[in-house]
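Remarks on the structure that follows.
The values are calculated or read from the model by the stated rules, or taken from the named source; none is laboratory data. Since the model is a prediction, treat every value here as computed from it, not as a measurement. Here the Cβ is made from the backbone with ideal geometry for all residues, glycine too, and neighbour counts use every protein chain on show. Quick note on the areas: whole protein, heavy atoms, side chains included, nothing else; ligands and nucleic acids left out. Shrake-Rupley method; radii C 1.70, N 1.55, O 1.52, S 1.80 Å.
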Amino acid sequence: MFKKVHLRLTLLCAGITAVIMLVMSLCYLYVSEKGLYRNQFQAFKNDINTISTNLEQQTVISMEWLAKMEAQGNYRFFVLDNGVPFLYNQLSDPDQAAENDRLLAESRDALDNLPAQDVTVTVSDGINGIVSHSEYEFTPSSTDSRYFCSVIRMGAGDCVLEIIVLSSLHRLEQQIAEQRLRFLLIDIAAVALLSIFAWFFTGILLKPIAENQQKQAMFVAAASHELRTPLSVILSAAECCQNAAPEKQAGFIRTIYQEGLRVSSLVTDMLTLSQSDSHRFPVRKEPTELDTLLMNAYEAFGPLAQEKSIRLTITLPDEALPLCSIDPERISQVIAILLHNAISYTPEQGRITLSLVRHRERFAVSVQDNGIGIPDAEKKRIFDRFYRVDKSRSQKDHFGLGLSIAYEIVKAHGGNIQVTDAPGGGSCFTMLL
Ligand code: ADP
């Protein structure tokens, strides 16, 4: 499932970035291409202005001059005397001549058909009469390339000389096509890089979620497993109770009650952990006398320790201690878990010491026993949910949740809890607050 989500997130990230990049590239290309056309048209108009100024001042237009102007601007000139092409345009190549005729005809047609706003017209006085020139853009039918065109008219009445100047935009269009291709390649490379980055990035983001989901699944599996045993005992005891003689029913009812208590305590533990997971873990801190808290726990667990002939002792600092800001109920719960475990995993005649030490601003509460101890390899895992070092050795009321609850409570207080080997065997759990 996470692989699918990973892929979808990657596609989404890469897709959105690709669209943004594409839109930005298109906007840039649009503005840049418009600018290129505008500049080219302006350069063309400047050249035409120069040519028409020359024409205004010349009495004779020589072929050399025209050829020179043509070569300079890479233009194509057509000269018409009263609408009749001049010798200047007569070529030996018939194909080229036909092409020129078509260009000439189409450029003149375009001028007649174009709306007025697409044509720039300039009129001035020259020594041979009025000189006017009109510039516009057109696309001949024979080619996809566009042309800038200028029609320069001199004279009036029966004596009109027209010079038509054509400038092909082929080179500019090639330049623009190259620029588009460059952008396309850059965009493709960027999208590929972004996809790789998005894959790693979403992978990093999803990792804790995937781990969490796996933990949740394991938690549910373990919880169901733990609940199944007492529930099946309850069900079979209830069934037997129905068919049993009245004097035997009390025994079954006791079993049902005890197993019910087990289920209830397990459900309470699971609820505590689920609250901690969803950050709804209520920690109501208040100034507390930690030594009093330990004393209360010591007194509460005294009888249980005595039942197993375990010697429970308490060590408190001699000096008066400052108040500690903690949730007394939660911290009592941690001490109870540690003491309960110590009593459970320490054989009869054993020793357990509950102690409080002050290190400047911090307090260390420890529960040390001389019981069965915890192998080094297991020390990290005992704080995991439902983890028990030796399941067969654990008693019925141990689900492997106590230390995980203790860990969450201490974490919620900003402290930490750790386990070490007690000198001479056994374990020592220390909670730093
Ligand atoms: P449980 O309810 O099984 O005690 P915990 O989370 O409290 O669950 O403890 C996890 C495991 O850590 C226990 O099953 C036990 O194997 C080990 N453990 C905890 N406390 C002690 C201890 N004082 N001495 C030895 N082993 C312990």
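Things to note:
- Every test in (1) farther than 22 Å from ASP269 by Cβ; (2) among the aliphatic types (A, V, I, L, M); (3) assigned to a loop (DSSP other than H, G, I, E, B); (4) within 11 Å of the ligand (Cβ to nearest atom) is passed by ILE352 save one, and that test is (3).
- Yes/no for ARG385 being in contact with a Lys or Arg (Cβ under 8 Å, 6 or more places away or on another chain), under 20 Å from ALA412 (Cα atoms) and within 9 Å of the ligand (Cβ to nearest atom): yes
- For region 171-187, a residue qualifies if it is open to solvent by 40 Å² or more (accessible area, probe 1.4 Å) and more than 25 Å from GLU106 (Cα to Cα), and the qualifying residues are GLN175, ALA177, GLU178, ARG180, LEU181, ARG182, PHE183, LEU184, LEU185, ILE186.
- Where a residue in region 402-430 is on the phi > 0 side of the Ramachandran plot and its partner, wherever it lies, is within 12 Å of the ligand (Cβ to nearest atom) and of a type outside the set (Lys, Arg), with Cβ under 6 Å and at least six apart: GLY425/ASN370; GLY425/GLY373; GLY426/ASP369; GLY426/ASN370; GLY426/GLY371; GLY426/GLY373
- So ARG146, is it open to solvent by 90 Å² or more (accessible area, probe 1.4 Å) and either on the phi > 0 side of the Ramachandran plot or not aromatic (Phe, Trp, Tyr) (or both): no
- Unique residue being within 22 Å of ARG351 (Cβ to Cβ) and surrounded by 15 or more Cβ atoms within 10 Å (Cβ to Cβ) when the list is LEU227, LEU231, LEU293, LEU266: LEU293
- Among the candidates SER124, SER168, residue that is open to solvent by 40 Å² or more (accessible area, probe 1.4 Å) and in the same structural domain as GLN96 (by TED's automatic domain parsing): SER168
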